[in-house]
Amino acid sequence: MLTTFINTITKGDVAGLQHKLLHSTCWSQHLHKAYGAGQIKNRLICLFQQFGKCTIEESFELKSDNEHIICLSIKPEKAQSSVHYILWLETNGQVIKSIDAMLDTMKLDCINKHSKKTILNTLPTPDAFILHDYDQQNHLQCELVTPTNIANISDKLASLLDAWWSIWSAAQLSKIDSIYEKQANIILSGHEDAIKPSALFEFIMNKYAHLSRIFCQIEKVIVDKGKVAVKWYLDGDENGKRIRVPYVSILSFKEGKINQDITIADLCAHKKRYPESDLYRHC
């Protein structure tokens, strides 16, 4: 699967990827779902437009049962730096049932030196946001799920992951210094360069200062090869309107601490779905 996606993105090998897709395969990207060969081919053409001629600077994958996560660091030919692209696949190893792709569009926009309006015009119209029947006011002291609830994780890693999750879900910012290496490499959407733990403190603090009724929820956790991938989302009220930001985080560890954290969201797609949102004004 990894080679297939690398060939598709760097060489334009559309046929190689389509051979692994079902008629009903869903490709979710930019908060928009595309179904079937025709729509997915259009999605690929849009992807080629976004990256142009490019190379892969770094790649790795995580696997668990019927799920396969691919993380690519992609460098457009004329850019000075790379951008992360994460694909979360539901697959049996031969064919792909669904693809949930997360691209750091804001950084791609920055390194390609495009205006925000230009990239917004290239993105599809996001699907409508549907808020399920869940009222956080009835569960003020309760998280629905933590990483250890839905993944088979060793005791040592479990405490570290739950502490990481509490930073986002409960604003336990004091945990940052204890679970991250001092020189940890942290990749966040909206930042052109990697940041250090002190900047992560500010990033999360700004979200809690800007939103009310914040609620973070984990959707999936995959553990493989000393790395952990988490698919999750952030909900909150912004100026009286409920918003949701999907994230994917991939964590790497060294000597009992996090030494790399890749946490990205599609911030340009977020802006297209919520034009009045000012949640990422600090990025």
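The values are calculated or read from the model by the stated rules, or taken from the named source; none is laboratory data. Here the structure is a predicted model, which means the values were calculated and not measured. FYI the Cβ positions are ideal-geometry reconstructions off the backbone, even for glycines, and counts take in every protein chain you see. These accessible areas exclude ligands, DNA and RNA; they are computed on the full protein's heavy atoms, side chains included. Shrake-Rupley method; radii C 1.70, N 1.55, O 1.52, S 1.80 Å.
So for the range 229-244 (the condition being hydrophobic (A, V, I, L, M, F, W, C), open to solvent by less than 40 Å² (accessible area, probe 1.4 Å) and either in the same structural domain as Asp109 (by TED's automatic domain parsing) or touching a helix residue (DSSP H, G or I) at 6+ places or on another chain (Cβ under 6 Å) (or both)), does at least one residue qualify? There is no residue in the range 229-244 that is hydrophobic (A, V, I, L, M, F, W, C), open to solvent by less than 40 Å² (accessible area, probe 1.4 Å) and either in the same structural domain as Asp109 (by TED's automatic domain parsing) or touching a helix residue (DSSP H, G or I) at 6+ places or on another chain (Cβ under 6 Å) (or both).
Scan the range 237-283 for residues that are closer than 29 Å to Ile179 by Cα and assigned to a loop (DSSP other than H, G, I, E, B) and the total you get is 9.
Within the range 48-87, restricting attention to residues that are among the aliphatic types (A, V, I, L, M) and within 19 Å of Lys113 (Cβ to Cβ), the residue that is farthest from the chain's Cα centre (by Cα) is Ala79. Only residues that are exposed (fewer than 13 other Cβ atoms within 10 Å of the Cβ) and either on the phi > 0 side of the Ramachandran plot or touching a helix residue (DSSP H, G or I) at 6+ places or on another chain (Cβ under 8 Å) (or both) were counted across the range 54-93, and they come to 3.
From the residues in the range 36-47 that are among the hydrophobic types (A, V, I, L, M, F, W, C) and open to solvent by 50 Å² or more (accessible area, probe 1.4 Å), which one is nearest to Pro124 (Cα to Cα)? So, considering only residues that are among the hydrophobic types (A, V, I, L, M, F, W, C) and open to solvent by 50 Å² or more (accessible area, probe 1.4 Å), the one nearest to Pro124 (Cα to Cα) is Ile45. Within the range 237-244, is even one residue more than 21 Å from His84 (Cβ to Cβ), among the acidic types (Asp, Glu) and touching a strand residue (DSSP E or B) at 6+ places or on another chain (Cβ under 6 Å)? Yes, the range 237-244 contains a residue that is more than 21 Å from His84 (Cβ to Cβ), among the acidic types (Asp, Glu) and touching a strand residue (DSSP E or B) at 6+ places or on another chain (Cβ under 6 Å). Which of the residues that make up the range 177-195 are part of a strand (DSSP E or B) and charged (D, E, K, R)? If the condition is that a residue be part of a strand (DSSP E or B) and charged (D, E, K, R), then Glu181, Lys182 are the ones that fit. Checked against (1) in a helix (DSSP H, G or I); (2) within 14 Å of Val228 (Cα to Cα), Gln49 passes all but a single condition, namely (2). May I ask you to list the residues in the range 96-138 that are open to solvent by 60 Å² or more (accessible area, probe 1.4 Å), modelled with pLDDT of 80 or more and in a helix (DSSP H, G or I)? Within the range 96-138, Cys110, Asn121, Thr122 qualify. Taking the conditions exactly as written (in contact (Cβ under 8 Å) with a residue 24 or more places away in the chain and in contact with a strand residue (DSSP E or B) (Cβ under 6 Å, 6 or more places away or on another chain)), does Ala151 satisfy them or not? Yes, satisfied. Within the range 1-35, the set of residues being assigned to a helix (DSSP H, G or I) and either of a type in the set (Val, Ile, Thr) or open to solvent by 50 Å² or more (accessible area, probe 1.4 Å) (or both) comprises Thr3, Thr4, Ile6, Thr8, Ile9, Thr10, Lys11, Val14, Ala15, Gln18. Scanning the range 196-219 for residues that are open to solvent by less than 70 Å² (accessible area, probe 1.4 Å) and part of a strand (DSSP E or B) returns Ser212, Ile214, Phe215, Cys216, Gln217, Ile218.
Pairs are defined by a Cβ separation below 6 Å, a sequence spacing of at least 6 or placement on different chains, a first member in the range 86-97 that is free of Cβ contacts under 8 Å to residues at least 24 places away in the same chain and under 19 Å from Glu58 (Cβ atoms), and a second member that is open to solvent by 10 Å² or more (accessible area, probe 1.4 Å) and not polar (S, T, N, Q); no pair meets this definition.
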